Amino acid sequence: MIDERTARRLARRHAAERRFKLYGMASVAVALAFLVALLVTIVGKGYTAFAQTEIAVEVSFDAGAVKEGDFAGLVKSALAARFPEVTARNEKRELFGLISSGADRVLRDMVRDDPGLIGQRRVVTLLASDDVDMVVKGHVTAESGRLNARQAEWLASLRQAGAVSLGFNTTFFTAGDSREPELAGVGGAVVGSLLAMVVTLCLAFPLGVATAVYLEEFAPKNRWTELIEVNINNLAAVPSIVFGLLGLALFLNFLNMPRSAPLVGGLVLTLMSLPVIIIASRAALKAVPPSIREAARGLGASRLQVVTHHVLPLAMPGILTGTIIATAHAIGETAPLLMIGMVAFIVDIPAGFLDPATVLPVQVYLWADSPERAFVERTSAAIMILLAFLAVMNLLAIVLRKKFERRW
Amino acid sequence: MQLLALVATLLLLSAVGFHLGRRRAAARSAAADRRPHSLPVYYGSYVALWSGLPALLVLLGWLAFEPVVVRSLVVDSLPPAARELPPERLGLLMNDVRNLAAGVVTSRDVDPDMAAAAETYLRLKRLGAVAVAVLSLAAAIGGLGLALRRVRPDLRARNAVEKLVERLLIGASTIAVFTTVGIVLSLLFESIRFFNAVPIHEFLFGLEWSPQTAIRSDQVGSSGAFGAVPLFAGTFLISLIAMAVAMPVGLFAAIYMAEYAPRRLRAIIKPLLEVLAGIPTVVYGFFAALTVAPFLRDAGTILGLSVSSESALAAGVVMGIMIIPYVSSIADDVITAVPRSLREASLGLGATRSETIRQVVVPAALPGIVGGLLLAVSRAIGETMIVVMAAGMAANLTANPFETVTTVTVQIVTLLVGDQEFDSPKTLAAFALGLVLFLVTLALNVAALQVVKRFREQYD
């Protein structure tokens with residue numbers, strides 16, 4: 001029988017135990033809640049960017065205007081014909097503001113593909129401007145948005161006539177950057193990211209594996225190799241922006257390489273991810289049991305043959321996993337690329353390693369700074385693409401590890 | 001893209017060398033009726049390496065020194081008046097010459113001297129391209145021929161190839177050292193130039209930061225003040241907030257995962273927490289600026305507090321979330337590394353699990369945990385995108401988390417993004433800040449690694 005005082009104390013101690021466990025669960029819950037909140041916010045804000053408002057109007061392909069290449073004029077006269085009551089100059093300008101300033105390109109392409117259109121009338125769906133887009137998608141009400149009362153009225157009448165529709169936003173995937181949200185896309189940034197990634201992979205993978213093989217299999221234990229080891233461990237923890245400063249001073253100012261080039265971006269990311277790849281590769285090499293090496297040595301293989309014929313193939317899944325994870329991290333990196341001028345406003349899609357380019361995370365940064373409401377959803381959508389890309393890479397790494405993992 | 005073609009040709013030559021070397025080794029040993037010393041592959045590799053490496057060295061040497069050589073030759077061709085300009089002015093002039101040669105608009109009117117210089121520049125560039133192509137191809141073919149002549153059955157091709165490969169491996173492993181040297185040198189050189197303009201004590205202890213220096217002498221105001229204390233204070237404040245979030249959450253999460261969670265739950269939670277570390281920081285920045293900051297501002301208004309929309313709190317909290325997995329995974333590792341016997345002894349004496357954790361496990365794991373926390377602090381100090389997007393630019397010297405502060409990394413980005421004049425103290429200040437950042441994080445990392453290492457030794 002325990003006396004009452006002990007029982008009370010025991011109850012208190014057990015309550016403390018439950019509280020302590022609860023703190024632990026609460027911490028995990030808080031961390032996961034943040035993760036969920038982050039993802040829900042991004043997806044909730046971004047999914048609408050994959051659709052785009054279009055307005056159907058009847059365009060008459062006037063031969064004279066087509067000849068002069070004045071396709072913007074065609075758009076304007078089509079709108080004017082749709083709303084004949086609008087005559088005042090400033091009202092007309094407001095009316096034309098409903099349609100994107102890039103809408104004329106559609107007409108130009110149509111005429112180029114089918115010259116027989118000239119002189120005819122067709123109903124064409126034209127890209128709406130971002131202000132209209134925001135209202136149609138319900139991100140802002142017609143009153144709180146940037147449309148004025150007249151524009152809202154016209155939009156309402158168009159919607160009543162069933163001329164306004166939402167279509168899949170292909171521009172977002174194919175186009176480069178633009179000042180007009182409805183014409184901006186991540187195409188250029190994705191290509192830039194891929195180019196930089198190719199440079200990083202081509203340099204960091206062989207160099208990283210070579211370093212790891214040397215340190216793990218060949219290096220004598222002396223001051224010099226110890227220095228290299230300490231160095232690599234410290235480099236892995238240097239803030240990424242310092243690598244950007246290195247890139248600026250070394251590649252741009254000393255070697256006079258072009259600014260904003262994916263080549264330079266790739267080089268900076270290489271230097272940044274090299275230590276991580278080396279550390280991962282060394283761990284993978286270390287996991288190969290010494291008995292394999294000894295057996296091969298015993299059969300007369302040279303040291304290099306032991307490595308290339310036996311150790312490296314066995315360690316390759318681990319090395320690849322580490323490389324993929326390091327590369328995925330490098331793709332999401334922004335700060336060092338700001339230093340080497342990849343923040344420029346670039347409309348064209350880069351075609352080579354020396355063309356000015358931007359990358360996906362920098363594009364996110366640039367759009368996040370833009371004041372237009374429509375860029376918020378586009379930023380979120382760009383983030384979704386970035387995250388999807390990273391998720392695929394990490395899944396690949398996990399699958400690789402699961403499939404080829406060996407327990408010795 | 002001529003460069004790519006050249007590299008492709010060189011690679012092709014190496015491949016041809018590989019093939020020829022192998023064939024020749026087979027043919028010669030058949031003719032001499034004796035077994036070759038090495039496997040055929042090694043004779044092939046021997047020839048391929050001899051043809052590829054010298055050519056590659058020529059190419060790399062050209063890539064490294066071409067700009068310098070061309071520049072000095074063009075400068076020599078300039079009229080004496082231009083040659084005597086101070087270095088910065090000369091740099092600008094050379095920039096214009098380059099732009100003129102590339103057909104881009106220049107910042108000044110084109111005079112005949114400049115046109116001539118641009119002409120020289122273009123001529124030298126073309127000459128250099130032709131010369132390097134000829135030289136590297138000659139090196140490749142020469143190396144190939146020489147190596148091929150040496151291929152005989154008694155050539156120890158394997159030993160030669162292996163020795164060379166080992167040298168290459170050593171070369172690769174020095175890149176890490178060169179990276180560090182490069183970082184230190186580039187930061188140091190630019191910082192020294194900065195400290196020539198702004199005394200070092202003014203930079204380290206000055207209380208006012210406004211890097212807008214006058215570009216023209218008649219510009220009003222801004223003489224530029226480079227006292228970095230507000231930046232250090234801001235960085236410290238935001239890191240402190242981040243650690244105040246990350247430390248309890250990360251530690252308790254680690255304790256829960258290591259001591260309480262069933263194995264299956266742990267297998268789900270751990271990777272999910274690590275997702276937090278895999279999300280790019282620019283995404284956190286966007287989240288902080290768009291969601292967390294307005295939320296905190298509105299919450300502050302309801303409570304009657306005035307919270308700036310670029311408050312240190314928003315940036316710090318979001319940064320803390322980002323750091324949680326760094327804290328939790330290291331703490332998890334060290335807690336699991338504490339030997340079972342310690343726990344069992346404590347439980348056997350009648351302590352509850354939480355008492356065991358608080359009084360036995362955590363004290364035993366403390367060095368490792370402290371090391372992990374130090375690493376997390378160094379992450380927080382060096383973190384850039386979250387603060388660039390969510391914290392402000394204004395260099396306030398304040399300890400109020402509801403106000404706007406700025407950090408070292410934010411200022412590096414603002415000073416270097418956009419138009420810059422490379423030699424102004426404004427630009428150089430970024431390198432001085434970078435140097436401080438590098439030194440502080442380096443010290444933290446070294447300390448953390450030492451602590452963790454000592455802890456590992458204790459229980460291994």
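What follows is calculated from the coordinates using simple rules that are stated; it is not laboratory data. No experiment lies behind these values; they were computed from the predicted model shown. Note that we place each Cβ from the backbone using ideal geometry, even for glycine, and neighbour counts take in every protein chain shown.
Going by alpha carbons, how many degrees (0 to 90, nearest 10) lie between the helix axis of A:149-160 and the longest principal axis of chain A? With rounding to tens, the tilt is 90 degrees. Using the Karplus relation 6.51 cos²θ - 1.76 cosθ + 1.60 with θ = phi - 60°, the per-residue 3J(HN,Hα) values for the range A:388-399 come to 4, 4, 5, 4, 4, 4, 5, 4, 4, 4, 5, 4 Hz, with x marking Gly and Pro. Taking Lys and Arg as +1 and Asp and Glu as -1, the other residues whose beta-carbon sits under 9 Å from that of B:SER29 total +3.
A:ILE279 sits among other residues whose Cβ lies under 13 Å from its own Cβ, and their net charge, with Lys and Arg +1 and Asp and Glu -1, is 0. Ranking B:VAL292, B:THR407, B:SER51 by Cα position along the charge dipole of the protein assembly as shown, where only Lys, Arg, Asp and Glu carry charges on their C-beta atoms, puts B:SER51 farthest toward the positive end. When the Cα positions of B:ILE323, A:LEU337, B:VAL451 are compared along the charge dipole of the protein assembly as shown, B:VAL451 comes out farthest toward the positive end, with charges on each C-beta of Lys, Arg, Asp and Glu. Using a/c under 1.5 as the rounded threshold, could you call the range A:38-139 rounded, prolate or oblate? The axes a ≥ b ≥ c are square roots of the C-alpha gyration tensor eigenvalues, and prolate needs a/b larger than b/c, oblate otherwise. It is oblate, given that a/c is not under 1.5 and a/b is not larger than b/c.
When chain A is treated as a Gaussian network with alpha carbon springs shorter than 10 Å, the biggest mean-square fluctuation among A:GLU294, A:GLU17, A:GLU217 belongs to A:GLU17. Which whole-number percentage describes the relative contact order of chain B, with Cα contacts under 8 Å and a sequence gap of 6 or more? Reported relative contact order: 16 percent. Remark: the Cα gyration tensor places chain B in the oblate category, a/c being 1.5 or greater and a/b not exceeding b/c.
Around the Cα centre of the range B:315-460, unit charges on the Cβ atoms of Lys, Arg, Asp and Glu (plus for the first two, minus for the last two) sum to a dipole of about 540 debye. Projecting the Cα positions of A:VAL140, B:GLY91, A:LEU39 onto the charge dipole of the protein assembly as shown (unit charges on Cβ atoms of Lys, Arg, Asp and Glu, taken about the Cα centre) puts A:LEU39 furthest along the positive direction. Under conditions of 25 °C and 0.890 mPa s, the range B:231-296 yields 174 µm² s⁻¹ as its translational diffusion coefficient, taking Rh as the Kirkwood radius over Cα pairs in the Stokes-Einstein equation. Each of A:SER60, B:SER424 has some number of other Cβ atoms within 10 Å of its Cβ, and from fewest to most they run A:SER60, B:SER424. Among the helices of chain B (complete DSSP H runs), which have Cα atoms covering no less than 27 Å along the helix axis and a Kyte-Doolittle mean of at least -1.0? Correct list, ordered by number: B:2-32, B:40-77, B:112-150, B:157-197, B:229-255, B:312-337, B:362-382, B:425-459. On the principal axes of its alpha carbon atoms, the protein assembly as shown extends 100, 95, 61 Å, with the longest extent given first. To the nearest ten degrees, helix A:312-331 and the longest principal axis of the Cα atoms of chain A are 40 degrees apart.
Sequence-ordered 3J(HN,Hα) estimates for the range A:238-244 from the Karplus curve with 6.51, -1.76 and 1.60 and θ = phi - 60° stand at 6, x, 4, 5, 5, 5, x Hz, glycine and proline given as x.
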